[in-house]
Amino acid sequence: MKQQLASQEGVLFAIPAIIWGSTWYAITFQLGTVDPLYSVSYRFVLAGVLLIAYCLMRKIPLRFTPQQHARILQQALFLFGINYWLTYVSEQYITSALVAILFSLIIFMNVIFGRIFLNNPIRKQVVFGAILGLTGTILIFQPELAKYEGGDQTLLGLGLCTLGVVSASLGNITSAYNQRHQLPVLSTNALGMLYGGLSMFLIALLTGRSLSFEFTIPYITSLIYLAVFGSIIAFGAYLTLIGKIGPDKAAYALVIVPLIAIFVSVVMEGYQLRLISGFGIILLILGNVVALRKV
């Protein structure tokens, strides 16, 4: 029984890590013509509509109390809206390497917020594993960071990205809280993604951004991939994992994401690994083993 549970957790861990590792490449097709706020909106509205349709077909309940809807909206704004909006915008000022490193901090934020809001214990092996993983991530991207010259807008990009990580972490904690109060992952994701997408669309309109859409194969196919795989499947697995092992350990999947992204870049973009990057990969894997080991 324990082996079966461990196997299920391993699958739930691998799915978001692998998928989100590939979405770094897919997101590049979303930037440019369409305002990032609208791209985020399209992604989660599409994901929400598809999930709601699935729930209706399977007769999965979507009826909640007003208080429960408020908690779903809170999760949506943190996890399916503000988080991605700030991340997309920050990449206009800083490199994807810096964004990847900053998102590695979500483990520490989940530990802190989990202690504050959920009264979760602080597990030393998770913190130690996270430190190893963060160090490995920095080493992986060291060649790119060495070439980077910060400008006047660097601090703005770092600040926006950090706020995005805080938002993502609070979304993780809200999901854990909702699951503790028996809100099912599938139906809360369905409504939450729709709420998050519509909220970002409303913000875009209120801030006077020109409504636009790119009718090209790369934009549309990447949008569908991000909605179905990057949102529906990856978030479904990741938030279920949060309910099973806690937000601190589950967040380690996000530290593995840059590693997957590196291999995608090697295959799709001809990225060349350096010796120091290889050492970083070893530290990242070692941190994974430490953080997820049973105690």
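The values are calculated or read from the model by the stated rules, or taken from the named source; none is laboratory data. All figures in this text were calculated on a predicted structure; none of them were measured in a lab. Using ideal geometry, Cβ is built from the backbone for each residue, glycine included, and neighbour counts are taken over all protein chains shown. These accessible areas exclude ligands, DNA and RNA; they are computed on the full protein's heavy atoms, side chains included. Shrake-Rupley method; radii C 1.70, N 1.55, O 1.52, S 1.80 Å.
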Query raised in the report: Hey, in the GNM for the chain with a 10 angstrom Cα cutoff, which one of Thr174, Thr240, Thr28 fluctuates hardest?
Result: Thr28
Query - Hull volume in cubic angstrom per residue (convex hull over the Cα atoms of the chain) - result: 142
Query raised in the report: Each residue of the stretch 180-185 in turn: what ³J(HN,Hα) in whole Hz from Karplus with 6.51, -1.76, 1.60 and θ = phi - 60°, glycine and Pro shown as x?
Result: 5, 9, 6, 8, x, 4
**Report entry** Of Leu186, Leu241, Leu155, the one that fluctuates the most in a GNM where the chain has Cα springs shorter than 10 Å
**Finding:** Leu155
Requested in this report: Could you please state how large a percent of the accessible area of the chain is carbon and sulfur, counting protein chains only and using a 1.4 Å probe?
Outcome: 68
Requested in this report: Would you work out the relative contact order for the chain, in percent, from Cα pairs under 8 angstrom that are 6 or more residues apart?
Outcome: 41
Report task. Report ³J(HN,Hα) in whole Hz for each residue of the stretch 203-220, in order, from the Karplus equation J = 6.51 cos²θ - 1.76 cosθ + 1.60 where θ = phi - 60°; Gly and Pro get x. Result -> 4, 4, 5, 5, 8, x, 7, 5, 5, 8, 8, 9, 8, 10, 4, x, 5, 5
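At 37 °C and 0.692 mPa s, grab the translational diffusion coefficient of the stretch 5-120 from Stokes-Einstein with a Kirkwood Rh over Cα pairs, rounded to a whole number in µm² per second.
Numbers: Rh = 17.0 Å.
D = 194 µm²/s.
Determine the dipole magnitude for the chain: charges of +1 sit on the beta-carbon of Lys and Arg, -1 on that of Asp and Glu, nothing else is charged, the reference point is the Cα centre, and the result goes in debye to the nearest 20. Show your work: numbers first, answer last.
Numbers: 17 positive and 9 negative charges, 255 e Å.
Magnitude of the dipole: close to 1220 debye.
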Query raised in the report: Put a dot 7 Å past each Cα toward the Cβ at Leu211 and Leu286; how far apart are the dots in nm?
Result: 5.5
Query raised in the report: Pulled fully out, how much extra length does the chain show between Gln125 and Gln68, if you take 0.36 nm times their separation in residues and subtract their Cα-Cα distance?
Result: 17.1 nm
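Might you tell me the accessible area per residue for the stretch 53-187, computed with a 1.4 Å probe and given in Å²?
On the way: 6670 Å² over 135 residues.
With all protein chains present, the stretch 53-187 gives 49 Å² per residue.
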Report summary line: Among Leu102, Leu205, Leu79, the residue with the largest mean-square fluctuation in a Gaussian network model of the chain built from Cα contacts under 10 Å is Leu205
